[in-house]
Amino acid sequence: INLTGEYMQVRDFTPEDYPALIAIHASLNIVWPERPHTPKAWAKADANRSPKTKYRRLVAFESGQVIGFASYSHSPWNYPPGGFDINVEVHSDFQRRGIGSALYDHLMEDILEASPPALRADAFTNLPQGFAFLQKRGFYEAFRETPVHLDVASFDPSPYADLEPKLNSQGIFIKTVTELKSDPNRDRKIYELMCEVDKDVPHEGDQIPEPDFEDWVGWGLNDLSVLQDAFLIAVHGNEFVGLRDLGSYGDQETLLGGLLGIRREYRQRGIALAMQIRNISYTRGHGYRLLKDCTAIQNAPMQALFNRLGFVRDPEWQQCQKDLV
């Protein structure tokens, strides 16, 4: 491929390319979704991908230097069902030279053979050139989320000191996944709780497929990024009534909030708030500076919770879609 008079080639990714991927991603200032910050962590994330996921990653290189990469993935729980997620990133120093277009075209040659109903891709309000790139290729914004962060050193937990004791008086206790390991049905109960509360979380569509249980255990519970001593479960008797997971890609500064959900009949009691306070305490107590999180712009309860606790909003995450059928 000849671009602006210089020779650029596209090939499949190899493990030796991990450092270049990190440098490319870091150059773009993408706040969320969080990605691994070291080659080792990125390799671990790749290794833990479900074997049922169809996946390919390409890199663009010039004069021996990797300057961009692109990937697609398809799994049984993609939205829309049967669709593909795609990602194209070009180092900020090499943009506007057709490199992203070349990577995208190479992906499409492979993807279209599978006849997917739609494609999904991410854009960000602080990177308008990315959204313009997608619009030019027929994508539109289908969903939007608000990433947020909290500098935990500045947080004052004292107003919430009586929150957990009040819950305890009602027979509700917040435990970690590690503390619940003696329950032989723990994993299945967490999975069923996750599937139930996730139905009430705003999503891109009405028919979000549930992941396979065994797959979920691999990436949702036992993945190396999941901190089991910070994965919280609200327990009432033998019933699991709320959950909140925290994760890390090895960044010594930041922890990442995952799904926070409470069974409907247990809402409005302060369980979610108590779990978020626990998150902040864990983050600070383990030497981290930032707690990052994200929620849909229409998720009013979570938006209110972030506001109450002083989280700062980051550039919004635009989830884009291209319909093919």
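The values are calculated or read from the model by the stated rules, or taken from the named source; none is laboratory data. If you're wondering where the values come from, they're calculated on a predicted model, not measured in any experiment. A quick note on method: Cβ atoms are made from the backbone with ideal geometry, for glycine too, and the neighbour counts reach across all protein chains shown. The protein model used for the area step is the full one, side chains on, heavy atoms only, and it has no ligands, DNA or RNA in it. Shrake-Rupley method; radii C 1.70, N 1.55, O 1.52, S 1.80 Å.
If you place +1 on the Cβ of every Lys and Arg and -1 on the Cβ of every Asp and Glu, how big does the dipole about the Cα centre of the chain come out, in debye to the nearest 20? Before the final figure, lay out the partial values.
Working: 34 positive and 45 negative charges, 105 e Å.
About 500 debye.
In a Debye calculation with equal point scatterers on the alpha-carbon sites of the stretch 176-325 and no solvent, what is log10 I(q)/I(0) at q = 0.11, 0.12, 0.15, 0.18 Å⁻¹?
One equal scatterer on each Cα of the stretch 176-325 leads to -0.45, -0.54, -0.85, -1.24.
Using a 1.4 angstrom probe on the protein heavy atoms only, could you order E164, E62 from most to least accessible area?
On the way: E164 45, E62 15 Å².
These residues rank, largest area first, as E164, E62.
How large is ³J(HN,Hα) for each residue in the stretch 13-26, as worked out from phi by the Karplus curve 6.51 cos²θ - 1.76 cosθ + 1.60 (θ = phi - 60°), to whole Hz, x for Gly and Pro?
Residue by residue, the stretch 13-26 yields 5, 10, x, 5, 8, 3, x, 5, 4, 5, 5, 5, 4, 5 Hz.
Taking all protein chains as present, what is the carbon and sulfur share of the accessible area of the stretch 1-72, in % to the nearest whole number, probe 1.4 Å? Spell out each step's value before the answer.
Details: 1910 of 3580 Å².
About 53 percent, which is the carbon plus sulfur part of the accessible surface.
Percent of accessible area on the stretch 132-182 owned by carbon and sulfur, 1.4 Å probe? Show your work: numbers first, answer last.
Working: 1460 of 2790 Å².
On the stretch 132-182, the fraction of accessible area on carbon and sulfur atoms equals 52 percent.
Return the sequence-ordered ³J(HN,Hα) values of the stretch 130-137 in whole Hz as given by the Karplus equation 6.51 cos²θ - 1.76 cosθ + 1.60 applied to θ = phi - 60°, using x for Gly and Pro.
In residue order, the calculated couplings are x, 5, 4, 4, 6, 4, 4, 9 Hz.
Magnitude of the Cβ-charge dipole of the stretch 74-173, K/R +1 and D/E -1, about the Cα centre, nearest 20 debye?
I would put it at about 340 debye.
Enter the Cα centre distance for the pair the stretch 262-298 and the stretch 168-208, rounded to the nearest angstrom.
14 Å
Can you give the accessible area per residue of the chain, in Å², using a 1.4 Å probe? Let's see the in-between values first.
Values: 15350 Å² over 325 residues.
Heavy-atom accessible area per residue stands at 47 Å².
Decide, for the stretch 260-319, between rounded, prolate and oblate: order the square roots of the alpha carbon gyration tensor eigenvalues as a ≥ b ≥ c, take rounded if a/c falls under 1.5, and otherwise choose prolate if a/b is larger than b/c, else oblate. Don't skip to the end; give the middle numbers.
Working: a/c = 2.12, a/b = 1.06, b/c = 2.00.
It is oblate, given that a/c is not under 1.5 and a/b is not larger than b/c.
Cut-off 10 angstrom, C-alpha nodes, Gaussian network model of the chain. Which of A114, A70, A60 fluctuates the most?
Its mean-square fluctuation being the largest, the pick is A114.
I need the phi-derived Karplus couplings for the stretch 171-183: 6.51 cos²θ - 1.76 cosθ + 1.60, θ = phi - 60°, integer Hz, Gly and Pro marked x.
Couplings: x, 9, 10, 9, 10, 8, 4, 4, 5, 9, 5, 6, 7 Hz.
Run lengths n ≥ 4 of DSSP H only: what is the helix-derived mean residue ellipticity at 222 nm for the chain, with -39500 (n - 2.57) per run over all residues, to the nearest 500? Don't skip to the end; give the middle numbers.
Numbers: 9 runs with 90 residues, N = 325.
Mean residue ellipticity at 222 nm (helix-derived): -8000 deg cm²/dmol.
From the protein chains alone at 1.4 Å, what is the descending order of accessible area for R264, R96, R11, largest first? Don't skip to the end; give the middle numbers.
On the way: R264 160, R96 210, R11 75 Å².
So the residues, ranked largest to smallest area, are R96, R264, R11.
Under a Cβ-only charge scheme (Lys and Arg +1, Asp and Glu -1), can you give me the dipole magnitude of the stretch 1-144 about the Cα centre, in debye to the nearest 20? Please list the in-between numbers first.
Numbers: 15 positive and 16 negative charges, 75 e Å.
In debye, rounded to 20, the stretch 1-144 gives about 360.
Considering only protein heavy atoms, with the full assembly of protein chains and a 1.4 angstrom probe, order C320, C294 by accessible area, largest first.
Most to least solvent-accessible, the answer reads C294, C320.
For a test of understanding, tell me how many lysine pairs in the chain have Cα atoms under 18 Å apart, given they are 8 or more places apart or on different chains.
For the chain, qualifying lysine pairs total 7.
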